[in-house]
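Q: Can you read through this structure? Questions will come right after.
The values are calculated or read from the model by the stated rules, or taken from the named source; none is laboratory data. This is a predicted model, so every value here is computed, not measured. Cβ: placed from backbone, ideal geometry, glycine included. Neighbour counts: every protein chain shown.
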Amino acid sequence: MVTSRWQQVAERQRRRYYEITELGHQTLSKKLVEWQSFSIAVDKLMGLGTDGPKANL
């Protein structure tokens, strides 16, 4: 899901670079949808829908 590579940046220095793969992008998208769904459910449970917090908590 993530690849990495070393790159020489100075005579004695190397830097590691990371890049998300296509599978990583797909997984991230799925997990984001899952998180948003969970977050909405918790907000509803806590009475924090789109109208803000309920006054009688």
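Q: Which of (1) under 30 Å from Gln7 (Cα atoms); (2) at pLDDT below 95 is the odd one out, the single condition Lys54 does not satisfy?
A: (1)
Q: Between residues in segment 1-19 that are within 30 Å of Lys31 (Cα to Cα) and touching a residue at least 24 places away in the same chain (Cβ under 8 Å) and residues that are surrounded by 10 or more Cβ atoms within 10 Å (Cβ to Cβ) and aliphatic (A, V, I, L, M), which pairs lie under 8 Å by C-beta distance while being six or more apart or on different chains?
A: From segment 1-19, the pairs are Met1/Ile20; Met1/Leu23.
Q: Only one of (1) exposed (fewer than 10 other Cβ atoms within 10 Å of the Cβ); (2) among the basic types (Lys, Arg); (3) within 14 Å of the chain's Cα centre (by Cα) is not met by Arg16, so which one is it?
A: The number of the failed condition is (3).
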